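The numbers here are math on the coordinates, done by the rules we state, and not lab data. Bear in mind the structure is a predicted one, so any value in this text is a computation, not a measurement. Please note: Cβ atoms are built from the backbone with ideal geometry, for glycine as well, and neighbour counts cover all protein chains shown.
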Amino acid sequence: MAKKVYCNKCGKEMDFWDRQEEFSIHTKCGYGTKYDGSTIELDLCCDCMEELVDSCKISPVIDNT
Ligand SMILES: [Zn+2]
């Protein structure tokens, strides 16, 4: 599969490591949201994923060490 994937946030082409993360959200927006009934396909590279995680008030990181 050589399909090119781009980070939705910064627009960079995902490299091997970014794709390895497989951080993507595929969902259909419910009514009442800004994107009523639209389908969302969001892919983020490592950098943007980290940025997103860092910006969370409640950390989504589950430390399973
Ligand atoms: Zn990015």
Cβ density ranking, 10 Å radius, fewest first, applied to Cys45, Cys10 yields Cys10, Cys45
Taking the chain and dividing mean pair separation by its residue count, relative contact order in percent (alpha carbons under 8 Å, at least six apart): 30
At Lys57 and Lys34, where each label point lies 7 Å from the Cα along Cα→Cβ, what is the point-to-point distance in nanometres? 1.8
Net charge (Lys, Arg +1; Asp, Glu -1) of residues whose beta-carbon lies under 13 Å from that of Val53, Val53 excluded, is -4
Rank these for me by crowding, Phe16, Phe23, going from fewest to most other beta carbons within 10 Å. Phe16, Phe23
If Met49, Met14 are placed from fewest to most neighbouring beta carbons inside 10 Å, the sequence is Met49, Met14
Could you work out the local net charge near Cys7, counting Lys and Arg as +1, Asp and Glu as -1, over the other residues with Cβ closer than 9 Å to its Cβ? -2
Under the classification rounded if a/c is under 1.5, otherwise prolate if a/b is larger than b/c and oblate if not, where does the chain fall, given a ≥ b ≥ c as square roots of the Cα gyration tensor eigenvalues? oblate
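Quickly estimate the mean residue ellipticity at 222 nm for the chain, helices only: each DSSP H run with n ≥ 4 gives -39500 (n - 2.57), and the total goes over all residues, rounded to 500.
Counting only the DSSP helices, I get -6000 deg cm²/dmol.
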